[in-house]
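The structure under discussion appears below in the form of structure tokens.
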Amino acid sequence: MNSQLTYIRNGDYLIPNIKLEPTPQIPLNKYGRMRRSFLKEQNPTLYSILAMRQQLFPHLLEIQQTAEERLNRMMAELLEQNPAPDKAQNQMAWVQHMNSLKAQVEEVICRELIYG
């Protein structure tokens, strides 16, 4: 980052010549958006600091990727411990079981990553 600040004259005013670095055009998923909302509402100081230093989007991407990896890993572990019913014979029980496991995993992810 350039430590020398330049100015542009606009009439009688000197306006700092500040430009933001481009951010990648990767959309945020559920977990990235939840973290952004949490920071904006519950920790606006950290949100502002990360935004001004252009570290907000990389932070949100890191949370998003970590949450997705943890979701996949924990779902596999829970399925190993608690096998799902046969999907072909009892679809509703399978859906109920999978939704229950996903809810458990998302509760842990939210508590540790999103709101932590």
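Every read-out reported here was derived from the displayed coordinates using simple, explicitly stated rules and does not represent laboratory data. This is a predicted model, so every value here is computed, not measured. Counting neighbours? That spans all protein chains shown, and the Cβs are built from the backbone with ideal geometry, glycine included.
Of note:
- Here's the list of lysines a cross-link from Lys40 could span, going by alpha-carbon distance under 30 Å and ignoring same-chain residues fewer than 8 apart: Lys19, Lys30, Lys102.
- When the chain is treated as a Gaussian network with alpha carbon springs shorter than 10 Å, the biggest mean-square fluctuation among Leu50, Leu28, Leu20 belongs to Leu20.
- Of all complete DSSP H helices in the chain, those with a Cα span along the helix axis of 24 Å or greater and a mean Kyte-Doolittle hydropathy of -0.5 or more are 56-81, 91-109.
- Environment charge of Gln96, counting only residues whose C-beta is closer than 14 Å and scoring Lys/Arg +1, Asp/Glu -1: +1
- The value of relative contact order for the chain, using C-alpha pairs under 8 Å at least six residues apart, is 23 percent.
- Helix-only mean residue ellipticity at 222 nm for the chain, each DSSP H run of n ≥ 4 adding -39500 (n - 2.57), per residue, nearest 500: -19500 deg cm²/dmol
- Net charge, His59 excluded, C-beta distance under 14 Å - Lys, Arg +1, Asp, Glu -1: +4
- Since only Leu56, Ala76, Ile8 are under comparison, the one whose Cα sits farthest along the positive direction of the charge dipole of the chain, derived from C-beta charges on Lys, Arg, Asp and Glu, is Ile8.
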